[in-house]
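Peer 1: Quick one: structure below, then a few questions.
Taken together, the values in this text are just the output of simple stated rules run on the coordinates, not laboratory data. Just so we're clear, the structure is a prediction, and the values are computed from it rather than from any experiment. Glycine gets a Cβ as well: all are built from the backbone with ideal geometry, and neighbour counts include every protein chain shown.
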2 protein chains.
Amino acid sequence: MNVNAIHADLQQHFDQDLEDIRSFLRQPSISYTGEGIAETAQAVADLIAGLGGEAEVVETPGHPIVYGELWQDAPKTLLIYGMYDVMPTDEDGWMAEPFGAEIHDLPGLGPSVICRGAVNTKGPLAAFFTAMRSIMRVEGKLPVNLLFAVEGEEEMGSRSFPAFAERYAEKLKRADAVLFPFFEQDEAGMPSLVLGTKGMLYVELICTGGDWGGPSERGIHGSYNAWVRSPVWRLTRALASFVDDDENILVDGFFDDVRPLSEREAALLDEQIDAGRFDAGVFREAYAVRRLKDSDDRQAWHRLFSQPQLNIDGLFAGYTGPETKTVLPHQATAKVDVRMVPDMDPDTVLAGLRAHLDKGGFSDIEIKVYNKYPWSKLSLDEPAVQAMIRTYQGLRGELELWPINPGSAPYYVFERQLGLPYVTGGLGHGSRQHSSNEYCTVAGILDFERSMVTFLDEFTRGPQAPQGDAHE
Amino acid sequence: MNVNAIHADLQQHFDQDLEDIRSFLRQPSISYTGEGIAETAQAVADLIAGLGGEAEVVETPGHPIVYGELWQDAPKTLLIYGMYDVMPTDEDGWMAEPFGAEIHDLPGLGPSVICRGAVNTKGPLAAFFTAMRSIMRVEGKLPVNLLFAVEGEEEMGSRSFPAFAERYAEKLKRADAVLFPFFEQDEAGMPSLVLGTKGMLYVELICTGGDWGGPSERGIHGSYNAWVRSPVWRLTRALASFVDDDENILVDGFFDDVRPLSEREAALLDEQIDAGRFDAGVFREAYAVRRLKDSDDRQAWHRLFSQPQLNIDGLFAGYTGPETKTVLPHQATAKVDVRMVPDMDPDTVLAGLRAHLDKGGFSDIEIKVYNKYPWSKLSLDEPAVQAMIRTYQGLRGELELWPINPGSAPYYVFERQLGLPYVTGGLGHGSRQHSSNEYCTVAGILDFERSMVTFLDEFTRGPQAPQGDAHE
């Protein structure tokens with residue numbers, strides 16, 4: 001494959017690629033409201049068909065999953081995992097239409113596409129297709145067979161994906177590896193490679209009036225709190241028992257199964273710190289965080305990659321609108337996520353939360369489970385991982401390895417269920433996912449496209465013997 | 001005044017009265033959204049004009065207040081206080097259109113008007129006017145001069161009312177007393193007379209990320225809670241320090257100024273308990289509350305009328321929609337109301353909340369004050385109070401005295417600011433204010449109309465010598 005020629009072709013056709021990517025971004029596809037989901041699933045199928053592949057919009061109990069095949073009679077096969085759904089856009093502070101895909105000049109970043117999904121992850125998904133289009137244009141065919149599994153429920157915990165993977169296991173297992181295309185460069189341009197992902201337990205803790213007291217069916221006049229207890233106070237007391245004032249988690253056994261970082265992983269992180277590659281100040285500025293849990297950068301960096309969390313994503317009871325309304329609510333709810341590191345087990349953690357509530361006298365508080373999937377880890381020795389490392393080294397001359405992704409994703413489906421190694425990667429930069437003004441840089445899109453071409457080349461050719469002066 | 005003839009006239013014209021009252025109820029007037037506020041203020045002015053009075057829609061920084069005069073050159077003058085605003089209707093469980101004013105047969109209650117505002121308090125307000133219309137029809141004039149002050153922000157804490165009262169003080173002070181028309185009968189038909197009202201402090205406690213940690217400007221990706229602290233946990237910990245697991249309030253000095261019930265008040269409540277007049281079971285069933293703070297009815301009854309409360313009306317942070325969204329929020333908010341009994345002082349209580357947060361290390365948590373007004377008490381010896389007692393005794397043969405209204409209302413404006421005694425009252429029954437399916441009974445509306453006629457008669461004539469057999 002003439003990588004240089006394809007890279008040049010990408011430059012030449014970039015204006016059109018950018019327009020096509022922005023057009024794809026403008027189609028809303030909010031998983032939890034369902035807005036635009038059907039249309040976007042079809043758009044993904046059209047992208048696969050546009051490359052000459054065959055696509056199927058697979059119905060599930062939730063949102064459809066787009067399965068596709070682009071068979072090239074190549075020796076190797078790559079499964080492209082993707083997501084076409086995005087988060088809602090109800091945050092304050094958007095500087096542009098959340099689905100407008102407008103290009104704004106961002107300070108220090110240059111022209112950037114502002115759009116929900118720009119980085120997470122409809123931007124990289126669409127740019128993967130434009131990159132493949134370029135290979136087709138130059139080479140006539142791809143160097144690998146591609147399979148596609150693009151889901152629409154990633155932001156809701158990929159609930160239908162495991163069953164789909166089981167149903168399509170025979171087809172999917174033809175892949176040698178899984179690629180999740182993503183813009184992996186940080187603000188400073190350093191690409192990173194993550195060697196796993198934390199697991200996820202997402203629950204609601206629901207306190208309702210009942211035998212212990214409180215209104216049991218509906219909110220009542222606020223003045224009755226004088227003689228009727230409140231589910232809001234009760235949930236507040238229960239929640240407060242989970243952590244101390246410094247937010248240390250107090251659930252018995254919560255940390256029992258936490259596997260310490262391996263020497264290799266710890267050394268990786270230490271090298272990054274020693275090389276000045278991680279600067280807490282950059283993160284804190286980007287996310288408007290004045291202080292991390294750890295004042296020491298090394299401790300902070302180790303914590304992010306080695307520790308689980310217990311986060312309250314949402315909390316609500318009673319009247320949550322503007323101004324004043326008095327009511328004694330009958331229910332209070334906390335949405336809580338646990339991100340689990342190896343070797344934590346989701347069922348054990350769930351049982352620990354239940355036991356903690358029971359021990360505190362809160363056995364009436366219901367735990368409603370939404371998502372529950374384990375962590376996953378991958379090996380540095382996998383050919384796909386090595387191909388991505390060579391891609392970054394070749395195009396950027398450097399990369400960062402992360403022991404685990406602090407976020408969560410259902411990669412266990414590939415690793416544990418299908419036995420396939422996966423890798424997330426690509427050049428390009430974007431940020432502010434799940435926040436207002438999610439963006440990706442325009443320049444990064446071209447870098448991403450090129451990195452996908454290089455990756456396919458590295459992946460299909462395998463490691464090459466070093467080329468020295470001997471040839472000359 | 002021929003009270004019997006007017007009572008008969010009310011019966012005769014009841015169908016029309018009911019239609020007029022329902023028509024008034026159908027006009028939404030939600031104070032916190034502003035929906036229908038202007039229209040309803042005008043409708044109140046039209047009701048005053050319809051009796052031959054003069055009305056003025058007085059603009060305020062908030063919603064307008066309708067001031068009116070219906071001067072009859074009578075020796076006595078009554079100020080009618082009213083509210084034309086209502087609560088929102090966003091609760092689940094409405095059996096009919098919240099502003100449909102449909103008539104449904106409710107078990108044990110008979111035909112009833114289901115409508116937001118049916119009892120609190122557009123129902124009694126409209127029925128006061130139909131009652132006056134009947135007096136006019138039979139007598140040609142009223143036995144008292146009426147002044148009107150009908151506000152549209154009661155449900156938001158009557159914020160504009162004190163300034164209005166100051167501005168209109170000269171006019172308002174011509175009144176001998178203030179009447180707030182209300183359906184004061186309980187499910188069993190017992191009318192009650194309240195001799196005061198608790199004060200109100202309504203605040204928001206707001207925890208935002210800052211120097212202590214946490215995202216300071218916007219929510220960030222949920223997975224960052226691994227190394228970034230959460231304002232939600234922090235607010236939860238702060239809130240939980242205000243009460244113990246039994247919801248006992250732990251704020252230093254909170255109860256210091258609580259005046260015990262007087263012997264007379266305590267005796268009143270004891271009499272009601274001894275007479276079996278208060279049945280916790282009836283309250284609990286009506287409000288779907290399985291258990292009160294006190295298992296003993298006498299204690300519960302005393303608590304309601306003698307104790308302050310610290311209630312969480314609303315609690316919110318992060319993602320509060322359906323399903324799952326992960327985010328580390330930058331802010332968490334609790335809406336809290338304190339109902340104060342004599343002799344608690346709002347400023348002292350507010351300072352106590354602040355000191356409690358500071359003592360716990362939560363000096364960063366902001367307290368935003370929305371409402372702050374004192375309790376009020378009125379004397380049994382006031383002529384207006386005595387007139388209402390005679391009205392209930394004459395029409396029902398019984399009544400219950402309550403030492404204080406567990407709810408709150410800005411009656412201090414009348415008592416303290418204008419020096420006017422006030423009384424809340426009227427026959428009629430309704431309930432479920434601030435909840436779905438707020439209602440008033442149809443039969444109660446007629447009883448209410450009649451009670452207003454009788455009250456005006458009692459108020460203007462004053463106490464009569466007992467009429468015995470000696471006349472015959």
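Peer 1: Among the residues of chain B, which one places its Cβ closest to the rotation axis that maps chain B onto chain A, and what is that distance in whole Å?
Peer 2: B:Ala240, 2
Peer 1: Another question, if that's okay. What do you get for the angle between helix B:14-25 and the principal long axis of chain B? Use alpha-carbon atoms, 0 to 90 degrees, nearest ten.
Peer 2: Orientation of helix B:14-25: about 30 degrees from the principal axis.
Peer 1: Taking N as the number of residues in the stretch B:106-161, what is its Cα Rg relative to 2.2 N^0.38 Å?
Peer 2: Taking the Cα Rg and dividing by 2.2 N^0.38 Å, one obtains 1.50.
Peer 1: Quick one: compute a quarter of the convex hull surface over the Cα atoms of the stretch B:258-387 and quote it in nm².
Peer 2: Mean projected area for the stretch B:258-387: 12.6 nm², to one decimal.
Peer 1: A:Ala96 versus A:Gln417, label points 7 Å from Cα toward the beta carbon: distance in nm?
Peer 2: About 3.6 nm, to one decimal.
Peer 1: What does the average come to when, for each residue of peptide B:236-246, you count the partner chain Cβ atoms lying within 10 Å of its Cβ?
Peer 2: 6
Peer 1: Assuming 1.567 mPa s and 4 °C, estimate D for chain B with Stokes-Einstein, Rh taken as the Kirkwood radius over Cα pairs, in µm²/s.
Peer 2: 54
Peer 1: Using only the alpha-carbon atoms, how far is helix B:3-12 inclined from the longest principal axis of chain B? Give it as 0 to 90 degrees, nearest 10.
Peer 2: 70
Peer 1: Could you give me the percent of Cα pairs per 10 Å distance bin for the stretch B:225-331, shortest bin first, beginning at zero and ending with the bin that holds the maximum distance?
Peer 2: Percent of Cα pairs in each bin: 11, 29, 27, 18, 11, 4, 0.
Peer 1: Using only Cα atoms and rounding to the nearest 10 degrees, what angle (0 to 90) does helix A:297-306 make with the longest principal axis of chain A?
Peer 2: Relative to chain A, helix A:297-306 is tipped by roughly 90 degrees.
Peer 1: Residues of A:432-445, mean number of Cβ from any other protein chain within 10 Å of their own Cβ, rounded to a whole number?
Peer 2: Rounded to a whole number, the mean comes out at 2.
Peer 1: What Kirkwood hydrodynamic radius do you get for the stretch B:88-128 when you take the inverse of the mean 1/r over all pairs of distinct Cα atoms, in Å?
Peer 2: Every distinct Cα pair counted, the radius reaches 10.9 Å.
Peer 1: Quick one: length gained pulling A:Ala288 to A:Phe255 fully straight, 0.36 nm per residue minus the C-alpha distance?
Peer 2: Result: 9.0 nm gained on full extension.
Peer 1: Taking a label point 7 Å from Cα toward Cβ, how far is A:Gln464 from its twins in the other copies, in nm, shortest first?
Peer 2: Shortest to longest, the spacings are 11.4 nm.
Peer 1: Along Cα-to-Cβ, 7 Å out, sits the label point; list in nm, shortest first, how far the one on B:Glu19 is from those in the other copies.
Peer 2: 6.6
Peer 1: Something else now. Determine the principal axes of the Cα atoms in the stretch A:102-241, then give the extent along each, sorted from largest to smallest and rounded to whole angstroms.
Peer 2: Reported extents, whole Å, longest axis first: 78, 48, 27.
Peer 1: Measure off 7 Å from each Cα along the Cα-to-Cβ vector at B:Val57 and A:Ala443, then give the distance between these two points in nanometres to one decimal.
Peer 2: 6.0
Peer 1: Right, something else. Suppose R0 equals 51 Å; then what is the FRET efficiency for B:Asp296 and B:Arg26 from their Cβ-Cβ distance, rounded to the nearest 0.05?
Peer 2: With a Förster radius of 51 Å, E is 0.70.
Peer 1: Right, here's the next one. Using the Cα centre of chain B as the reference point, and only Cβ charges (+1 on K/R, -1 on D/E), how large is the resulting charge dipole? Debye, rounded to the nearest 20.
Peer 2: That gives chain B a dipole magnitude of about 820 debye.
Peer 1: Percent of Cα-Cα pairs more than 15 Å apart in the stretch A:22-83, please.
Peer 2: Pairs farther apart than 15 Å: 55 percent.
Peer 1: So the label point goes 7 Å from the Cα of A:Arg137 along Cα→C-beta, right? Which residues of the stretch A:1-38 then have their backbone N under 20 Å from it?
Peer 2: In the stretch A:1-38, the label zone of A:Arg137 (backbone N under 20 Å from the point 7 Å along Cα→Cβ) covers A:1-25.
Peer 1: Where does the stretch A:389-430 land on Rg(C-alpha)/(2.2 N^0.38 Å)?
Peer 2: Taking N as the residue count of the stretch A:389-430, the ratio is 1.39.
Peer 1: What FRET efficiency do you get for B:Arg461 and B:Asp358 if R0 is 56 Å and r is their Cβ-Cβ distance, rounded to the nearest 0.05?
Peer 2: The formula returns an efficiency of 0.45 here.
Peer 1: Give me D for the stretch B:315-472 in µm² s⁻¹, whole number, from Stokes-Einstein with Rh from the Kirkwood sum over alpha-carbon pairs, 25 °C and 0.890 mPa s.
Peer 2: Here the translational diffusion coefficient equals 120 µm²/s.
Peer 1: Still on this model: Measure off 7 Å from each Cα along the Cα-to-Cβ vector at A:Ala351 and B:Gln72, then give the distance between these two points in nanometres to one decimal.
Peer 2: 7.8
Peer 1: Which FRET efficiency, nearest 0.05, do B:Leu380 and B:Asn248 yield, Cβ-Cβ r, R0 41 Å?
Peer 2: 0.80
Peer 1: Residues of B:281-294, mean number of Cβ from any other protein chain within 10 Å of their own Cβ, rounded to a whole number?
Peer 2: Per residue, the number of nearby Cβ atoms from other chains is 5 on average.
Peer 1: To continue, here is another question. Which three extents, in angstrom, do the Cα atoms of the stretch A:1-147 have along their principal axes, listed largest first?
Peer 2: Here the Cα extents, ordered largest to smallest, are 49, 43, 19 Å.
Peer 1: Determine the calculated [θ] at 222 nm for chain B from helices alone, applying -39500 (n - 2.57) to every DSSP H run no shorter than 4 residues and normalising by the residue count; nearest 500 deg cm²/dmol.
Peer 2: After summing the helix terms and dividing by residue count, I get -10000 deg cm²/dmol.
Peer 1: Using only the alpha-carbon atoms, what does the stretch B:338-389 span along each of its principal axes? Please give whole angstrom values in decreasing order.
Peer 2: Extents along the principal axes: 53, 18, 13 Å.
Peer 1: OK, next. Over chain A, what is the relative contact order in whole percent, taking alpha-carbon pairs under 8 Å and six or more residues apart?
Peer 2: Contact order relative to length: 24 percent.
Peer 1: While we're on this one: With the cut-off at 20 Å, tell me which of the pairs A:Lys171/A:Lys377; A:Lys293/B:Lys335; A:Lys171/A:Lys372; A:Lys293/B:Lys368; A:Lys76/A:Lys141 have Cα atoms farther apart than that.
Peer 2: A:Lys171/A:Lys377; A:Lys293/B:Lys335; A:Lys171/A:Lys372; A:Lys293/B:Lys368
Peer 1: At 7 angstrom along the Cα-to-beta-carbon line, where would the label on A:Gly34 sit relative to the other copies? Give the distances in nm, shortest first.
Peer 2: Shortest to longest, the spacings are 3.4 nm.
Peer 1: Something else now. Calculate log10 I(q)/I(0) of the protein assembly as shown for q = 0.07, 0.08, 0.10 Å⁻¹, where I(q) comes from the Debye formula with a single equal point scatterer on each Cα and nothing for solvent.
Peer 2: Reported log10 I(q)/I(0), two decimals: -0.69, -0.82, -1.07.
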